[in-house]
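Engineer: My questions will all concern the structure given below.
The values are calculated or read from the model by the stated rules, or taken from the named source; none is laboratory data. Small disclaimer: the values here were computed from a predicted structure and weren't measured. Cβ atoms come from the backbone with ideal geometry, glycine included; neighbour counts cover every protein chain shown.
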């Protein structure tokens, strides 16, 4: 699955976002992190999670604004607030970021993460990671496979994020998917971090946010609930096709009413073409192929209950074709599971 823009990754209590309604005072001297200190006046609200890469994107945007002759209120950039590295924009937005060399625990406390402390912190995190993986295996029948370029803290945040997503899906649905894909591939369903930011960037600027590996039964995901469900959908396509006695693709074709798939709906970069995607497709990405059409519908089937489906249809967000596709996939899933899991 690909997407045009990056998403901030929610995770462990590693960082916060605060709207500061009164002034900020910046001290010239650097703090323990090496960045100038900033004092926050009382009055803030909100929470957000942000990575270093996201903060740098904001920094680049500010620089682009300056080059066009507009004024960006200072301070803007990286600073230190209460021992934590932050990013300030328009003198009002405090963006906490995960910086190399520091570990922020679940209580929001900053700990040096360097050669002297890494072993102890990794041991603590890996112990917690082993425990939560065991819980995931017992609850869902799933496993995790970590990329070698991620540290123990990143792995732990990833597992927490995935489990948070799985908890949003209908009760009992994930074990069905895990068992079905294992029966199909002979391997346990595993989750893995999505590609690093410098990998799998397409020529039109799109970036992969997730992918399903049929041979290994591995879901790589950016941990967005829709992305995760979409990739699991790829694993379930053959399973539900068998449950339909091979009729699944033909039903989709009939509901599409003659509308054909085209890569250009998503990959051409033509916004006018995107705005004219036939309404039998739930998204422009769904219009690129049958496989992506099914995976997008499967994600909706996992995330939307009957009341939400009715609302989307009645308010015009979904066409009748999309509504019927989602309903059909829910029925096939329940038929395969032998229980009314997707309502």
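Engineer: Name every residue in the range 304-323 that is touching a helix residue (DSSP H, G or I) at 6+ places or on another chain (Cβ under 6 Å) and surrounded by fewer than 18 Cβ atoms within 10 Å (Cβ to Cβ), in order of residue number.
Structural biologist: Passing the criteria: only 313.
Engineer: Next up: Mind checking which residues of the range 134-148 are modelled with pLDDT of 95 or more and surrounded by 15 or more Cβ atoms within 10 Å (Cβ to Cβ)?
Structural biologist: 136, 140, 141, 142, 143, 144
Engineer: Sticking with this structure for a sec: Where in the range 232-309 are there helices (runs of 4 or more DSSP H), lying wholly inside it, with at least 3 residues that are in the same structural domain as residue 221 (by TED's automatic domain parsing) and under 22 Å from the mean Cα position of the chain (by Cα)? Full working, then the answer.
Structural biologist: Details: elements: 248-255, 264-267, 271-274, 290-303.
Passing ranges, in order: 290-303.
Engineer: Kindly check whether there is at least one residue in the range 223-230 that is assigned by TED's automatic domain parsing to the domain that holds residue 159, within 22 Å of residue 171 (Cα to Cα), assigned to a loop (DSSP other than H, G, I, E, B) and touching a residue at least 24 places away in the same chain (Cβ under 8 Å). Lay out the reasoning, then the answer.
Structural biologist: Applying the first criterion (assigned by TED's automatic domain parsing to the domain that holds residue 159) to the range 223-230 yields 223-230.
Pick out the ones that are also within 22 Å of residue 171 (Cα to Cα) and you get 223-230.
Those left that are additionally assigned to a loop (DSSP other than H, G, I, E, B): 223-224.
Then drop every residue that is not touching a residue at least 24 places away in the same chain (Cβ under 8 Å), which leaves 223-224.
Yes, there is a match, as at least one residue in the range 223-230 is assigned by TED's automatic domain parsing to the domain that holds residue 159, within 22 Å of residue 171 (Cα to Cα), assigned to a loop (DSSP other than H, G, I, E, B) and touching a residue at least 24 places away in the same chain (Cβ under 8 Å).
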